Amino acid sequence: MTKILFITADEQRFDALSCTGNNNTKTPNLDQIASEGINYQRAYVNNVTCMPSRATMVTGQYPATHGVFSNGVPLPINA
């Protein structure tokens, strides 16, 4: 059985962790997780605000399908 741990954070730059090049921050636990798995070096978002992007991550649908176009809009139960 494959185990997946998906970590996401709000307003975190790509280089905020020491495993992604930040020499001013110590993140040993996240660095260890990254060294044992996949650490994406490039990502693209479908919307500039976080809630539509998160809704897309959990549903696999574009905002036009799941209906979350901006922050503060709840994800419909049938999405």
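Derivation of every value follows stated rules applied to the coordinates shown; laboratory data play no part. None of these values were measured; they are calculated from a predicted model. We place every Cβ from the backbone using ideal geometry, glycine too, and count neighbours over all the protein chains shown.
At-a-glance table
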{"read-out": "Hz values of 3J(HN,Hα) by residue in segment 43-60 - Karplus curve (6.51, -1.76, 1.60), Gly and Pro given as x", "value": "8, 10, 9, 9, 7, 7, 9, 6, 5, x, 5, 5, 4, 5, 4, 7, 10, x"}
{"read-out": "Residue of VAL45, VAL68, VAL58 that the Gaussian network model of the chain assigns the largest fluctuation, springs spanning Cα pairs under 10 Å", "value": "VAL58"}
{"read-out": "Order of ARG42, ARG54 - criterion: other Cβ atoms within 10 Å of each residue's Cβ, fewest first", "value": "ARG42, ARG54"}
{"read-out": "In order through segment 5-17: 3J(HN,Hα) via Karplus (6.51 cos²θ - 1.76 cosθ + 1.60), integer Hz, x for Gly, Pro", "value": "10, 10, 10, 9, 9, 7, 6, 10, 5, 4, 9, 7, 9"}
{"read-out": "Relative counts (whole %) of C-alpha pair distances in the chain, using bins that are 5 Å wide", "value": "3, 13, 21, 18, 15, 15, 10, 4, 0"}
{"read-out": "Sum of -39500 (n - 2.57) over DSSP H runs of 4+, divided by residues of the chain (222 nm, nearest 500)", "value": "-7000 deg cm²/dmol"}
